[in-house]
1. Which of the numbered conditions does Y335 fail, given that it passes all the others? Conditions: (1) hydroxyl-bearing (S, T, Y); (2) open to solvent by less than 10 Å² (accessible area, probe 1.4 Å); (3) part of a strand (DSSP E or B).
2. Hey, does the stretch 552-560 have a residue that's in a loop (DSSP other than H, G, I, E, B) and among the β-branched types (V, I, T)?
3. List, please: which pairs have Cβ atoms under 8 Å, are six or more places apart or on different chains, and start with a residue in the stretch 176-190 that is farther than 21 Å from A208 by Cβ and charged (D, E, K, R) and end with one that is open to solvent by less than 70 Å² (accessible area, probe 1.4 Å) and at pLDDT below 95?
4. Of all residues in the stretch 297-330, count the ones that are of a type in the set (D, E) and within 17 Å of Q248 (Cα to Cα).
5. Looking at this structure, is A598 touching a residue at least 40 places away in the same chain (Cβ under 8 Å), open to solvent by 40 Å² or more (accessible area, probe 1.4 Å), assigned to a loop (DSSP other than H, G, I, E, B) and closer than 17 Å to A373 by Cβ?
6. Output the number of residues of the stretch 517-548 satisfying the condition of being open to solvent by 40 Å² or more (accessible area, probe 1.4 Å) and farther than 30 Å from D110 by Cβ.
7. Among the numbered criteria (1) part of a loop (DSSP other than H, G, I, E, B); (2) of a type outside the set (D, E); (3) open to solvent by 10 Å² or more (accessible area, probe 1.4 Å); (4) touching a residue at least 60 places away in the same chain (Cβ under 8 Å), which single criterion is violated by P204?
8. Exactly one condition in (1) under 18 Å from the mean Cα position of the chain (by Cα); (2) surrounded by fewer than 18 Cβ atoms within 10 Å (Cβ to Cβ) is not met by D417; state its number.
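The values are calculated or read from the model by the stated rules, or taken from the named source; none is laboratory data. If you're wondering where the values come from, they're calculated on a predicted model, not measured in any experiment. We place every Cβ from the backbone using ideal geometry, glycine too, and count neighbours over all the protein chains shown. Each accessible area value is taken on the protein alone, full model and side chains, heavy atoms only, with ligands, DNA and RNA left out. Shrake-Rupley method; radii C 1.70, N 1.55, O 1.52, S 1.80 Å.
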Amino acid sequence: MTSRRLGAALAATAVTVALSTTTILTAPAPAASAAPNPFEGNHGLRITGEQVQSEVRTAEVAAFGRPAAEAMARDRIGLRAVQTDYPQTTRTNRFNMLTRTQAEFNSAFDPAKFGRFKQYIPSPEFADHIALLPTGKVLMFSFESVEDNPQKETAPTDVIGKQNAGRAYLWTPPANDTDPGEFKAVPPPEVNMPDGLDEKRPAPFFCAGHSYLPNGMVGVFGGNLGGNGGTGAKLALVFDPWTETWHQEQDMSVGRWYPSVVTGADGRQTIMSGQSELGFGTPTPVVERFPAKGTDVPYAKSAAPDNVALDRWKADAPYRMDYPHLFSLRDGKIYGFGRSSDQQFVFDPANETRETLPSRPDGFPRLYGSAVALPNGTDGPDSVLVLGGNYKDPNTFKFSGGRWTKDKPRNLGRAQDDTLIFPDGNLFTVNGAVGIRDYGLGDYNPNVPDDRFRQVELRDADGNWTLGPKQRLPRGYHSNAVVLPDGRIMVTGDELQQIANNPDIKAGNNGTIEIYEPPYLHQGGKRPDIRTVPTQPVGYGKKFRVNTDSPDQAARAVLLAPVTSTHSVDTSQRRLELKLAGAGSQLLLDSPASAADAPPGWYMLFLLNKAGVPSVAKWIQLSPDA
């Protein structure tokens, strides 16, 4: 996935493991004897159906479903058949060291001030892409790995054919801190990519862009065609959280690898950037829209789009670097903050036009790093804070009112970081690295010379940043984080670190999830509660009722949009306060004034007490048709 950046290539004689497929590829090996050679020329090690069935574990079928259990079985067979030159003892020693140093370091931090890391969960999914769904489950997806040596490229970026495949899982978060939750395989549709090989495989939608449709579904656009250092696919897919199924749409007009997607005030998704079908170094300027103008926007749970067309804007988006940060702000326009300092634009969806904004004052291009639309009281956001992307620069930059200012710096410069908005309005940064697959000792070296990137940072209401406890794994490229409905934080991603620190690489669970509990969960006292919320969509500028069993604890009401992110880009996150009145167990809340303040879709509703401690959220849907 990064060879197009780094110029790295596997040696011609290196063994390549194609996990969760029927073939494990390897260079031809000379016959040592008359014994049967399981490696048949360039076709690789053959894994039969009988081998897979004998390897399948009943417990994994029960936990993950048969497709995932069979994939794990293939992984184990393949990993036993090859030598990947990264010993299990090293992985185990690394994991034990990280577990020990985390516990030792974090013992000095008061959870009431800094929060704490509570749970570490093995997962069947790398979670390079992530989306919190209005069912409370989390969609995670990435690729079928072709290598389990963290010193080599894990993803099939330069692979064509059926080994270039995607995978996806749903995770149901546990209700306690001892249960791992539940995982369910939800593989993407099988497709025949236009790579000349006529081989169907689960859609290779990794390194796509995504955002939410108003009915809670997730639109995913782009992916990997394979070869040439990262070649864009024209895929357009929608995941339906209500039926837990995928739907394929009409292809985009151009391939996109590393695009960005944002949902606007009209409920339509705008897709920009991404390396084209010609390969790395050819970012497309074409702007597309889903669904196409004149096609109904889906608001109902039952309105799953199938084979729906996209269309093209009149304006283009000439980004030189992929994955720009896109935000739909309260004026209804889309602000696109490119990684190159001089490529900052504002787009008008109504007129399909583009205008240039002032250059970001740092004056240099940034790697992947976080940015957030800052909370703005009861109004939608009108400013954005750009934070990560340069490990040498801890400064943060605020865009507001048409100009840039330097905001208060973080303690560390970080690339590959993730920044979340808490229900109480404070910010939280987790994850980080020096570069792509670089933690300080060069590319594809999982060792970290100092542990600074393992520490989280917390930003208070005055904008001051404070370093906090360490996460278990250092996580950089492809890491993610999500605010869950119960207020906990899910941290995941970075397949290099996950496979480098797996205490049992042959077990099939090569991903991990860490749970962080923010300070507000450790400040004592009773949390507010929400008993009922409207089951029908809520309109804009309307009053709606909420029932609670703790009216004396309900000091504030907040809407928090769910996170869907990859590569440090999250276009959906926003937080709005709601005016609150009422007496007794029934509260009366005012919804946001317009779809420009809060684009139509599903939001988590939290009640907060005076100390900022949130309830467990309930979901409501905002719709202009309500």
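1. (2)
2. No, every residue in the stretch 552-560 fails to be in a loop (DSSP other than H, G, I, E, B) and among the β-branched types (V, I, T).
3. Listed pairs, sorted by first residue: E182/A63.
4. Of the residues in the stretch 297-330, 2 are of a type in the set (D, E) and within 17 Å of Q248 (Cα to Cα).
5. No: the conditions fail for A598.
6. Final tally of qualifying residues: 9.
7. Here P204 meets the rest and fails (3).
8. Every listed condition holds for D417 apart from (2).
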